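The values are calculated or read from the model by the stated rules, or taken from the named source; none is laboratory data. Fair warning: this is a prediction, and the values are worked out from it, not measured in the lab. Note that we place each Cβ from the backbone using ideal geometry, even for glycine, and neighbour counts take in every protein chain shown.
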Amino acid sequence: MSSIAKVIHLQLKPAEGAPMKVVTSAEAIANHGLRDDANAGRSKRQVLLIERELLDEFQLPVGDVRENITVQGIRLAGMAAGTQVRVGQALLEATLDCAPCQFIEDQRPGLRAAMEGKRGTLFKVIEGGEIKVGDTVEIVAWCVLRSA
């Protein structure tokens, strides 16, 4: 079973704390992240994806939580680590949910607690390739959490 969605917004973080740069395409580099993004090179925090539906739930504009890729039509929140998603030409693997930080709280008091488990999902790049606005997003390999 697969879920299909679309990329509706792309942005890169040129440097820590710098304003995000809106782009129409980005190059994903295997085991590295997105070219020209400040999070590239990290092991688990290479690319941040969030679904538009969550932004709408919290009445936040697209791009406001500093996500790299905004998607529509797929649920990513709570996705098990190891789940693989094809985004355009790139293959990404979920590593963990992005924990809401002080930046989120600064957007609106109480938002940090409200977004717990819904701040977006962090991925690492397994296979590189171009990602463009309008590209398809598809879950290609599910990883299931096992309870002890």
In the stretch 74-89, residue surrounded by the fewest Cβ atoms within 10 Å (Cβ to Cβ) [restricted to those that are within 10 Å of V137 (Cα to Cα) and at pLDDT 95 or above]: Q89
A18 being part of a loop (DSSP other than H, G, I, E, B), over 14 Å from the mean Cα position of the chain (by Cα) and hydrophobic (A, V, I, L, M, F, W, C): yes
Failed condition for L60, given (1) in a loop (DSSP other than H, G, I, E, B); (2) surrounded by fewer than 18 Cβ atoms within 10 Å (Cβ to Cβ); (3) over 14 Å from the mean Cα position of the chain (by Cα): (2)
Residue within the stretch 101-113 that is surrounded by 14 or more Cβ atoms within 10 Å (Cβ to Cβ) and either in contact with a strand residue (DSSP E or B) (Cβ under 9 Å, 6 or more places away or on another chain) or among the hydroxyl-bearing types (S, T, Y) (or both) present: no
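Would a scan of the stretch 98-119 turn up a residue that is in a strand (DSSP E or B) and either more than 22 Å from R52 (Cβ to Cβ) or not basic (K, R) (or both)?
Within the stretch 98-119, the subset in a strand (DSSP E or B) is none.
Scanning the stretch 98-119 turns up no residue that is in a strand (DSSP E or B) and either more than 22 Å from R52 (Cβ to Cβ) or not basic (K, R) (or both).
For (1) at positive phi; (2) within 13 Å of the chain's Cα centre (by Cα); (3) not in a strand (DSSP E or B), each residue gets a yes or a no:
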{"position": "E67", "(1), (2), (3)": "no, yes, yes"}
{"position": "I74", "(1), (2), (3)": "no, yes, yes"}
{"position": "A80", "(1), (2), (3)": "no, no, yes"}
{"position": "I131", "(1), (2), (3)": "no, yes, no"}
Among the candidates D97, D135, residue that is closer than 21 Å to A28 by Cβ, crowded, with 20+ Cβ neighbours inside 10 Å and not aromatic (F, W, Y): D135
